[in-house]
1. Between helix C:166-175 and chain C, what is the angle of the helix's C-alpha long axis to the longest principal axis, kept within 0 to 90° and rounded to the nearest 10?
2. Springs between alpha-carbon atoms under 10 Å, Gaussian network over chain C: tell me which of C:P96, C:P178, C:P137 tops the mean-square fluctuations.
3. Comparing B:L183, B:L297, B:L120, which has the greatest mean-square fluctuation in the GNM of chain B with Cα pairs linked when under 10 Å apart?
4. In the Gaussian network model of chain A, springs joining C-alpha atoms below 10 Å, which of A:L75, A:L194, A:L35 carries the largest mean-square fluctuation?
5. Would you mind counting up the charge near C:Q63? Only other residues with Cβ under 14 Å from its Cβ, with Lys and Arg at +1 and Asp and Glu at -1.
6. Per residue and in Å³, how big is the convex hull formed by the alpha-carbon atoms of segment B:1-130?
7. What number does the protein assembly as shown give for Rg over Rh if you use C-alpha atoms and the Kirkwood radius?
8. Provide, in order from the shortest bin, the percent of all Cα-Cα pairs of segment C:1-47 in each 10 Å bin, continuing until the bin that contains the maximum pair distance.
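Each value in this text was obtained by applying a stated rule to the coordinates, not by laboratory testing. All values reported here derive from a predicted model rather than from experimental measurement. Heads up, the Cβs are rebuilt from the backbone with ideal geometry, glycines too, and the neighbour counts pull from every protein chain shown.
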Amino acid sequence: MQVIRFIISNQQRILEYTLNHFSLVITVMLFSLVLWFLTGLLISRYQRIAEPVLSFSNILFCIPSISLYGLFMTLPQLGLGRRSAALALIMYAMMPLVRNVYRGVKSVDPWVIEAGRGMGMSWRQILLEIQIPLALPVVFAGIRVTVVLITGMATVATYIGERNLGRLIQHGIARSDYNMIITGAVIVSIIAVLLDYILGLLEKRLTPGRV
Amino acid sequence: MIQLIDVNKTFLNSPVPAVRGVSMEVKDGEICAMVGPSGCGKTTILRMINRLEEPSSGTIMVGGRDIQQEDPDRLRRGIGYVIQQIGLLPHRTIGENVSLVPRLLRWSEQKIKSRVINLLEMVGLDPGQVYEKFPHQLSGGQMQRVGVARALAADPPILLMDEPFGAVDPIVRNRLQEEFLNLQQQVKKTVCFVTHDINEAIKMGDRIAVLNEGRLVQYNSPLEVLSHPVNDFVVNILGEDRGVKLLNLTRAEALMSEAVLLQESQMDRAVQVLQESGKTVGFIKPNGNESIKYFTLENIKKGMPVKEILEKGTCFIDGFQPVKTALETMMKRNSDVVGILKEDRFVGIITWQDIKKHISTIREHENEC
Amino acid sequence: MNVERFLVALIDRSPPHVLEHLQLVGVVLFFTVLIAFPLGVMLTRPRFRKYAGRVMFFLNAGQTIPPLAVISIFMPVFGLGFRPAAVALIIYSLLPIVRNTIAGILGVPEEVRQAARGMGMNQWELFYQVELPLSVPVIMAGLKTSSVLLVGTATLASLVGGGGMGRVIFAGIDMFWPEFILAGTLIVGAMAVVIDRGLTLLELFLIPRHLK
């Protein structure tokens, strides 16, 4: 009850935080998808660089989110706020996205590729018509994990000046205000679940005809 | 025509060459069955023909042109390729799978569609039933037929088949083999057929290439390989029951005496006609549905009248059926001759004498060994 | 970059928090395994298998709650300090271990299970002699993932008075000193690596020889 009252009396602020949160996640996802999808394809093509790239992404993923935010924040080109937050989150997205694109492409039955080559499909055609479509389920799993992850991690960016739902939690902690914390947590979870659900629907439309 | 001239191949990570100094030629319209134990280089040779592997040295010519001079992708589009694992695209329908190469070659949609339907029928599938299905909805045998249809889609003159029927059960395999031989009668492709099963090689091949440790040990017709194996390795591969295999697996047409068609009016100089053509059997063109009247050079020389008759429908076998079938037919009909058909036309006869002589030649050879 | 300040962070400020951090991680891991492993095993038993889906759904949903929120959610109940942070982190770490325990045990090939039953093993013998040894690699993978993530997430404990390396890192953020953030990060990273290696060693003891 108190939570609802809190939400109603603070609609304006909550709406602003939610939109900010949402737009940060979307920005990060768009950049990450392009960047890490291409990286994943690249390392599946050039096997030699696969291991170092994947190790690097693993190390990045082990760094606490607050550290990455903090380090980027102190760089003069990035500073407090959106740019540091987005860059840090893009870095976190690297591991699940690159790994799943790589795994997805690598998991394609080599005999299907052999048949494709034998019929005279070019490298590009094999990539576009066989490897990418067949990798999609694994890639999508990676995208969904990443979205949930990024949505949650974005809350911590409040400590470097992002005005998003993390701020409700931050202030909630500072003021011991349970309603604020709950409100922040619930809306963040809803965004995560919603994005995950939408991607699930999209996945079904994009991957026809398989068991 | 496919020509290999002193082809060698050594893989990067291997100390032993996979293929050593192989030279051979596959004539147009022939099936060359490559057989040998695993690791003998047969698959490597096949994959070099469509440049999925590059030879370390030597030349491969397809249709008189050095394939090194051609764009690999374009080369492959002109060569059908069937593998044991089939490799159908799991996310495409059967129709889309079969039309893959024509689409790469940018045929018109209409032409593609009618071609695909035609092909599916040719390999014994019901287009209405399978066209929109996905590969996982088909049985192993059906998928393998789709694989063959896909390879034939753009009507390539050459077909490379790597153990194409290896993954299905023996009954289905037998049926697929026979269907393919039938199909081959119509399409007359130049086929390289890799198998590790000598029986399949004898059944499918116009010629058999026996390979061991990357070397071509023997390359000849099944009959010749069975009756004159060049060394112990080939004898071993052929197995103890070589003699029976000869009957079981030699095609009837290999032993047949070809027949010459004569008009009724030519009968008075039949001896002359036969001698000119070099054949020992003649036959008279039947009127309508009549049974076939034939005669042998020997009998006609003795002045015997034409009285031998092969009754329509019972005394005939197809040319690529084994000699054993000819023998069985003779026993069933209590006759010592059967007529041989090719594409439903009478082409010759095979007699009890032919078979006996055949068996004795093997015996002789075995004694020599 | 101020080297002196970096050394201060590394040598003067960090050591007590390293201990706090390790203590937190240790306690959390201990209780997580204590809860998650039996829970995962129980959910694969025939009697409870039908609930596995539902429990996994809740754990998955729990995973969408941001770590920052999980950390703070128990504050009203337990107040500030070590306890709310530890409880929150335990809950946060449960999922990967439960999930991998279930996946590992259910991943044992059915024919192996049938063969064991056929030889007359009872449920307990089947579990102890067949299912458990064969699922160790998957279970250990879950434990490793959980631990590495936990070491990082535990930095947030300092926000609710739980101490740990978060103290050094947040101090760096508050004062805009990258030296503090970097020092804290390096130590946390080192801890993650050490724990990961340690668990890998443990794995070598636990995994049946043929699976190595």
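1. 40 degrees
2. Per the Cα network of chain C with a 10 Å cutoff, C:P178 tops the list.
3. The residue that fluctuates most here is B:L297.
4. In this elastic network of chain A, the residue with the biggest mean-square fluctuation among A:L75, A:L194, A:L35 is A:L75.
5. Charge balance in the 14 Å sphere: +1.
6. Working: hull volume 19.6 nm³, N = 130.
Measuring per residue, one finds 151 Å³ for the Cα hull of segment B:1-130.
7. 1.15
8. Here the calculated profile for segment C:1-47 is 23, 25, 20, 15, 11, 5, 1.
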